[in-house]
1. Which residues, taken from segment 423-442, are closer than 14 Å to residue 378 by Cα, in a loop (DSSP other than H, G, I, E, B) and open to solvent by 10 Å² or more (accessible area, probe 1.4 Å)?
2. Kindly check whether there is at least one residue in segment 302-320 that is open to solvent by less than 10 Å² (accessible area, probe 1.4 Å), polar (S, T, N, Q), modelled with pLDDT of 90 or more and outside any loop (DSSP other than H, G, I, E, B).
3. Please identify the pairs in which a residue from segment 718-739 that is over 17 Å from residue 377 (Cβ atoms) has its Cβ atom under 6 Å from the Cβ atom of a residue that is assigned to a loop (DSSP other than H, G, I, E, B) and of a type in the set (A, V, I, L, M, F, W, C), counting only partners at least 6 apart or on another chain.
4. How many residues are crowded, with 17+ Cβ neighbours inside 10 Å and either at pLDDT below 80 or over 21 Å from the mean Cα position of the chain (by Cα) (or both) if we restrict to segment 271-298?
5. Go through segment 120-145 and report how many residues are part of a strand (DSSP E or B) and open to solvent by 20 Å² or more (accessible area, probe 1.4 Å).
6. So which of 399, 418 ends up being open to solvent by less than 10 Å² (accessible area, probe 1.4 Å), under 18 Å from residue 457 (Cα atoms) and either touching a Leu at 6+ places or on another chain (Cβ under 7 Å) or not in a loop (DSSP other than H, G, I, E, B) (or both)?
7. Of the residues 348, 315, which is farther than 24 Å from residue 655 by Cα and touching a Lys or Arg at 6+ places or on another chain (Cβ under 6 Å)?
8. So residue 210 fits all but one of (1) under 16 Å from residue 622 (Cα atoms); (2) surrounded by 22 or more Cβ atoms within 10 Å (Cβ to Cβ); (3) touching a residue at least 60 places away in the same chain (Cβ under 8 Å); what number is the exception?
Amino acid sequence: MRHLLRSVITAVLLLSQQRNNEVAAVGAIITNGDNEDRTMKVKANGREICVDPKYFPNLGTGKNTSTSSSTTVSSSSLRPNENRSSNPNIFEVTGNEVVKVYSQTGCSGEVVSFPVSHEESKCTYCWDSCGEKFSDGSDAHTNIRSIRVPEGVVAVSMSTCVGSFGYSDPGYRGVLEPGCQDLVDEFQYVVHFYFAAETSTPGRYEYLGAPEHSQGHFESQMSTEHWMYGPDGIDNAQGTSWYQYIFELLDPTKKRMAFQVGIGGTWLGPTQAQWNVGDPCRCSPLDWPATGDGETCNRADLTKCTNGCCGTNGCGGLLQTMEGGLGYWLGKLPTPRAKWTIGSSVKCYKYWSNSPLEVANSDDLECDKLGVIMVTNRLLYPPDGIGFVNDGMFGHAWINTPLGKIKNKDQKRSVTLILDTENFKGPVAYMLPDYYHMTSQWEDQNGNRHPQQTFSNTGMNTGGGAFEWSSVPVYGHQGDERKIRIPKMQFSFNEGQKTVLMSAGKSYTSKADLYTPLDNAMKSMETALDESQLLKLDSGYVHPCNGAGVQDFRLSFEGKALEVGARSSRRLESDGMCSVVVEWDRDSPSLNCNATHCKLKTTYSVSEGSVVKEQDGEWSWSGGDLVPYQSVPSELQGTVSQVFPEHNFFLNYDRRTPEKLCGSNPSKAKFFCRQTSTGDWIGWKWYRFSTQPGLQRMNYSTKKKKFLQRRIVRLHKKMEANSPLNHWLKTPASMPDLVTIDPKLIITPPNKRRYGHVPIVTYQGMEKPIPCSLK
């Protein structure tokens, strides 16, 4: 059994570098109106997450620079690199050789100095300006106007901090020769430099920090990438909806390997007021990420702590997120199909709610952290998420509803999941408002709780769409060439020979779109529930269909790009909706396409990058690329189980005991079970809605429980005639065929529990639970 080599994150904020087997269902991201980037992969509270580098301007960059106003440069420390026998004329620069960058042209003004041998978390002999300060304390990032490059080397410049955050496209700007060079025109926003020296071949330069590779076979991973394509949304919305294409990236007939990719999903956040320096941080100053580089807080007044995350907007983007989506997840059961899952984090990724009885793949039942409250009596929601039996569009909304109201004047927001699929439509569950409010807050030295704005009482930031390539295993061989093999991956078509990835993104700003008519219908049996008036097609704000932020699909390995041949664009439909469409280049050397799919080639030669000064004095640069083989090289042959790590870490989710989960009592003692279409077994019990385990943390009075229960009984009765096809979310006319949820997850409630009762999955595993009543 092969050992999975996990990415070692060297950012300072990491609490440890030990292998992390509990990986949260981060999924693919949705960027909000603040253009969250999330290209930085870090560990937080025992799991890997992807975050925007802007929240960590001083973390994860390996900074050891100094500031100085001196402009003296010595070249005496250049010496031949005796270890590079193939290129004997390459010079290695010792740590004493200094590069200086300046705030003004002409190598004047404020300065930052650093050695040519400087290291960032992802490279050596390189330097990023992210988080750097000039000698007067002012921000150096994007404000460098000149550089003094030492003799014997050249500086290759980029427009992204690729040394710290691993962008797939580093943003090459040009090569700077020795001496004082002004950063103007195309060099104006340079933020990264790496250093190269001339080889024995005149005009050809080699990167000084190029790694030396051992001969033979190796295991690794593709770089973490994000395929961004969705349109921007708005701030302070009641909610949002969109349709995402569900398909099988891996062969569903084959055994799962250790592989984690989010195939288009969710990333939403609460709208928050502007954070100002001096305001209490959104994240606890005594917890991650504020303590990522060591405790520096003044415990006498925690509200004044500004270390760590308080450097950028109080870390508002980390406070709470709605994530998850479709994907293959490490830490989940080794079923062969992709699944769609809830993934809602709070308290700056400290807690993560995935299902009614689960908190971030924990072996323990953490009753005081549960957040998912079941509403439907027609769908089983397993901890691993929802499985499917075909490809198709998956319509879903996250929107404020009155389903969690405990009194008539209750204004807390119950962010609710509503689905539109071929065989199930309607509400599934809502997030307990106090999961966001109570669980997210931290307490200062005076007993005051912060922050005040959470998903429970403020609007939602919406928009966007993306894939997240997180853990794609690589099997390789180093000989005369560096060769790699990746898993077989395929992309199906759902419109001719194109793929509609996403469509009909909308945001809702008025309670009249859903909240008010639903609330009126739940108040009494006399008021009808007219589902045709809920989330009407002409309601809400359609996300703009411009071309901003659309990326073509690409992968990379060790900074070498794999150009797939997939071009993404947005298309305005005849019904006014916006779709993201992928056109596949059938002539691409990286693809094998037929009438229904395009399959990605699996084996590649790793072509190293180059820096060349042409005879006319112009510079050319290549970061290197992955060149596909037409057939599998002998060094990379072998069965999937022989060359890729096995998916061998997962939890057999079992909450059958104790009988009174979190103090609750099932309304029916019988334990039901069935095997799903993906091969796993699930078991469940029925609970009264108001006494399900996730609500017991609230200690509601009898009066409030009765209020909740009466309203959900009315709702179930009014939905019964159309269940399980309650068309709350309306399918646009331009939409390709909808996906079909695994029919084994669709259920009918027992006659005596038709109204006001919900199924809670208490078991999921690869083995049949015994005893159980087959259903």
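1. Initial filter on segment 423-442 (closer than 14 Å to residue 378 by Cα): 423-429.
Then drop every residue that is not in a loop (DSSP other than H, G, I, E, B), which leaves 423-424.
Hit for segment 423-442 is 423, nothing else.
2. no
3. What qualifies is 729/535; 730/537; 732/577; 734/577.
4. Quick first cut of segment 271-298, residues crowded, with 17+ Cβ neighbours inside 10 Å only: 271-272, 275, 279-285, 287-293, 297.
Still in the list and also either at pLDDT below 80 or over 21 Å from the mean Cα position of the chain (by Cα) (or both): 275, 279-281, 284-285, 287-293, 297.
So the count comes out to 14.
5. Step one: list which residues in segment 120-145 are part of a strand (DSSP E or B), which gives 120, 123-124, 126-128, 133, 139.
So of that shortlist, the ones also open to solvent by 20 Å² or more (accessible area, probe 1.4 Å) come out as 123-124, 133, 139.
Residues in segment 120-145 being part of a strand (DSSP E or B) and open to solvent by 20 Å² or more (accessible area, probe 1.4 Å): 4 in total.
6. Values: 418 fails: under 18 Å from residue 457 (Cα atoms).
Answer to the check: 399.
7. On the way: 348 fails: touching a Lys or Arg at 6+ places or on another chain (Cβ under 6 Å).
Exactly one of 348, 315 is farther than 24 Å from residue 655 by Cα and touching a Lys or Arg at 6+ places or on another chain (Cβ under 6 Å), namely 315.
8. (2)
The values are calculated or read from the model by the stated rules, or taken from the named source; none is laboratory data. Computed from a prediction, not measured in an experiment: that's the story for all the values here. Because the Cβ atoms are built from the backbone with ideal geometry, glycine has one as well, and the counts that use them run over all protein chains shown. Each accessible area value is taken on the protein alone, full model and side chains, heavy atoms only, with ligands, DNA and RNA left out. Shrake-Rupley method; radii C 1.70, N 1.55, O 1.52, S 1.80 Å.
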